[in-house]
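A.B. asks: A single structure is presented below for examination.
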Amino acid sequence: MSRLNANEMDYSTHISFLQIFGILLVVIGHSCYGALIVPWWHTWIYSFHMPLFMFISGYLLKYSSEKKASSLFIMSWEKRGVFLWKKVKRLIIPYLVISTLAFVPKVLMSRFAARPLDFSFSEYARMLIYPWDNAIIFFWFLPTLFLIFVLVIVFTSTQIGRGKKNFLIWILFGMLLIHLFNPIKGIKLMNIGGVVSYLFYFVLGYSCCRWSIFTHLGKYVYIGALSSLIISILLVFALPVFWGKDVLTALVGILLSLYLSKIYVSRDWHFFHHLFGASYAIYLFSWFPQTASQQVLQGLTHAPWQLTSVLAMITGVYIPWLIYKWIVRHKQERVGRFVALLTGQ
């Protein structure tokens with residue numbers, strides 16, 4: 001029996017909570033179009049929400065491998081190929097398909113957009129190979145995560161460090177140094193510079209799963225959550241910029257998220273349960289209703305940004321949730337399978 005199966009804690013619920021908590025931060029963070037001054041909550045969310053997603057991705061990789069009682073180090077090249085093909089279907093196909101679907105409306109709505117696009121093949125090609133220029137800018141995460149998976153698969157195939165005590169700690173320390181001194185930070189092609197930076201948080205998530213982090217958070221989870229929240233706010237708004245501040249701020253935000261997850265599970269709360277499983281669909285599809293709620297509606301009616309922001313938060317979560325429910329319900333049918341394939345569901 002694997003360690004995760006023997007553990008009494010519900011790791012599946014922990015991860016599902018973190019995924020939903022993270023995607024809600026994304027939706028909220030994208031809901032302040034038209035504000036004259038960037039809201040404080042936008043600044044706070046952006047201090048840690050994407051490192052949190054990389055952390056979750058690394059955690060899930062280790063969690064799934066332990067659940068299957070397997071190891072990345074002992075995978076054959078055939079299985080490594082199957083693994084990467086699954087990631088292509090999960091990450092790259094939706095990236096290409098949904099970016100393409102968003103390109104035309106983005107061009108047509110350029111007069112409302114914060115980042116207008118020209119209708120040309122060069123602009124279309126550029127947005128795919130330079131993810132930060134994508135029609136849906138936060139889609140940079142998809143090719144970045146895919147390349148991280150490729151690096152992990154290639155590294156584990158070398159067998160370096162397999163079975164060596166404390167090797168993971170040294171790898172984590174090395175990834176931290178690479179993050180802090182990233183020599184290729186400015187390379188935007190396929191966000192290669194970002195791949196190098198975010199490897200640290202991915203490896204951190206992998207390591208925390210291996211070390212069963214939720215069993216080590218202690219009894220005083222409320223004090224831990226409150227303390228990490230206060231420290232996070234102080235780091236973002238009160239302390240001056242210093243070397244490594246971005247990493248420290250992200251780590252505190254991740255710790256806060258872990259504490260909130262433990263509280264949610266220990267209290268046996270269920271108010272997020274109806275969204276479990278839909279986090280990726282919300283990520284993929286939220287841009288369309290949020291753009292309509294904010295940029296188009298605000299541009300046509302001149303409604304207050306606060307009103308369109310609330311509408312964007314609600315539609316950005318529940319319209320994708322309805323799409324996800326439809327895909328799940330019709331996945332065994334031809335159309336449903338086709339939509340699921342194109343959207344990585």
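Bear in mind these aren't lab numbers, they're just calculated from the coordinates by the rules spelled out. This is a predicted model, so every value here is computed, not measured. Cβ placement follows ideal geometry from the backbone for every residue including glycine, while neighbour counts extend to all protein chains displayed.
A.B. asks: Can you tell me which of 214-224, 308-318 comes out highest on packing, and rank the rest after it, using the mean Cβ neighbours within 10 Å?
C.D. replies: Result, highest mean Cβ count within 10 Å first: 308-318, 214-224.
A.B. asks: Sticking with this one: Can you tell me the orientation of helix 167-180 relative to the chain, as the angle in degrees between its alpha-carbon axis and the longest Cα principal axis, to the nearest 10?
C.D. replies: Relative to the chain, helix 167-180 is tipped by roughly 30 degrees.
A.B. asks: Also: List residues of the range 269-291, by number, whose backbone nitrogen lies under 16 Å from a label position 7 Å along Cα→C-beta of residue 318.
C.D. replies: Inside the label zone: 271-276, 282, 286, 289-290.
A.B. asks: Need the C-alpha centroid separation for the range 9-72 versus the range 133-206, integer Å.
C.D. replies: 17 Å
A.B. asks: Right, next: Which value in deg cm²/dmol, rounded to the nearest 500, describes the helix-derived mean residue ellipticity at 222 nm for the chain, given -39,500 (n - 2.57) per DSSP H run of n ≥ 4 and division by the residue count?
C.D. replies: Working: 17 runs with 225 residues, N = 345.
One gets -21000 deg cm²/dmol as the mean residue ellipticity at 222 nm.
A.B. asks: Normalise the Debye intensity by I(0) for the chain, one equal point scatterer per Cα, no solvent, then take log10 at q = 0.09, 0.11, 0.12, 0.15 Å⁻¹ and round to two decimals.
C.D. replies: -0.52, -0.80, -0.97, -1.57
A.B. asks: Report the calculated FRET efficiency for residue 123 and residue 167 (r = Cβ-Cβ distance, R0 = 56 Å), to the nearest 0.05.
C.D. replies: With a Förster radius of 56 Å, E is 0.80.
A.B. asks: Now, a different point. For residue 46 and residue 303, what does the FRET efficiency come to when R0 = 30 Å and r is the distance between their Cβ atoms, rounded to the nearest 0.05?
C.D. replies: 0.75
A.B. asks: Say each of residue 269 and residue 177 gets a label point 7 Å from the Cα, pointing the same way as Cα to Cβ; how far apart are those two points in nm?
C.D. replies: 4.1 nm
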